[in-house]
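The structure appears right after this line, and notes come after that.
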Amino acid sequence: MRGVLRRRVWALAVGAALASSPVRGEAIRIETKDGMRNAILVPARPDPGPTIIVLHGAAIGAEWTLRASGFAEAAAGHGFAAVFPDGVYRVWNDGREGGRVSRIDDVGFLHRLVDWLVGHGVADPARVYLAGVSNGGMMTFRMVCEAAELFAGAGTIIANMPAAIGDGCRPKKPLPIVMLNGTADPLVPYGGGGVGFAGRHGNVWSAERTAAFLAEVNGCGGPATRLLATAPEEATKVVRLDWSSCSSGRPVTLYRIEGGGHQLFGRTDIFPAILGPGTRLISAPEVMLELFAGTGR
C-alpha cells in the first residue's frame, strides 16, 4: 500500500514539475548488452567541457530530473554540460540485495555513456563528474567503488552506501565527495539499516559511516563539524561535516540536514508529512556544482 502511495505522490510531483520548467535537452541512444539505453544531454559551449552525469531516483526518470531537479540550471551556471540517463524501468542496479534490476549492467552502461560523451567531443575526459539522488545516489556510490577512474568527483543526495557494495569497496582512485542527507529521512535512514518505509529494499550503511569510509580511502583526517545554516521559519538546520586534511587532496563533505526528509534539498518539499521536510537553507545542485567547478583530476 505504501509503495502505491509513494508512486502516486511522485506522479503528482512529476506532473507539476514538467508543466512548469522550460529546460530542453538532446536525446542520446547507446547500444549495450541489455539493449538500447537512453539519456538526455544539455550541452555546454564550447565543447568539450566539464560534464556532470546525474542519476535519477527510483521511479522518477531522466525527464523529471532534467526538468525539476535544478541540476541543468546549476550546470549551465558553472559552464558544465549536464547528462541525464535513464535506468531500466527507471531504477538503477545499485547493488542492494534483491533489486528488481539486479541482472542489468548499469556499471557497464555508465562506462559506455562516458566513452560516448568523450568520443563525441562533449566531455573533457579529465572533468567528468557523477551525481545521484536516492537510488541514483546509491548507484553513484557503486560507481565510486567499481569505476572511480572514470570520474573527477562525485556527489549524492539522500543516499548511503549499499551494504553489499561497501563491504567489498576498493576504489581505484580517491575522489572529492559531497553528500547531503536528512536525519528524518523515512526511506533511506540516516543511521543506516533497511531502505523503504518497511525497510525491505536492501540495507545501507549510515550516512556518517559512508562518509568516514570514503574519507579514509582519501587519506583524510577529521571530521570538523560546524553549524552552517538555520532560520526561524525553517524546520531544519544544516550542519557541515568536513574531512578535509587529506593526503590525496580529495576532501569528503557531508551536509547533515537535521530534521530533513527524503527530499531534493533546495528544490522539493513534497508531502512532508510522509517523506519528511525539505529545506531552502541549502541547494544540493548548487553545492555540488560549486565543488566540481573548483576541482579536476
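The values are calculated or read from the model by the stated rules, or taken from the named source; none is laboratory data. Because the structure is predicted, anything quoted here is derived from the model rather than measured. Using ideal geometry, Cβ is built from the backbone for each residue, glycine included, and neighbour counts are taken over all protein chains shown.
Identify, from the list Gly95, Gly79, the residue that is closer than 23 Å to Cys145 by Cα and not in a strand (DSSP E or B).
Going through Gly95, Gly79 in turn, the sole match is Gly95.
Could you tell me whether Ala207 is free of Cβ contacts under 8 Å to residues at least 24 places away in the same chain, aliphatic (A, V, I, L, M) and closer than 30 Å to Val128 by Cβ?
no
Within the range 269-297, work out how many residues are at pLDDT below 95, more than 21 Å from Thr51 (Cβ to Cβ) and among the β-branched types (Val, Ile, Thr).
Residues flagged as at pLDDT below 95, more than 21 Å from Thr51 (Cβ to Cβ) and among the β-branched types (Val, Ile, Thr) within the range 269-297 amount to 1.
What's the total number of residues in the range 271-284 that are surrounded by fewer than 21 Cβ atoms within 10 Å (Cβ to Cβ) and more than 14 Å from Ala184 (Cβ to Cβ)?
The qualifying residues number 4.
If I ask for residues that are in a strand (DSSP E or B) and touching a helix residue (DSSP H, G or I) at 6+ places or on another chain (Cβ under 9 Å), which ones from the range 110-146 would you list?
Matches in the range 110-146: Ala123, Asp124, Pro125, Arg127, Val128, Tyr129, Leu130, Ala131, Gly132, Val133.
Report, by residue number, each residue of the range 44-64 that is within 21 Å of Arg127 (Cβ to Cβ) and either in a strand (DSSP E or B) or not hydrophobic (A, V, I, L, M, F, W, C) (or both).
Within the range 44-64, Arg45, Pro46, Asp47, Pro48, Gly49, Pro50, Thr51, Ile52, Ile53, Val54, Leu55 meet the criteria.
Given the criteria acidic (Asp, Glu), in contact with a strand residue (DSSP E or B) (Cβ under 8 Å, 6 or more places away or on another chain) and not in a loop (DSSP other than H, G, I, E, B), does Glu208 qualify?
yes
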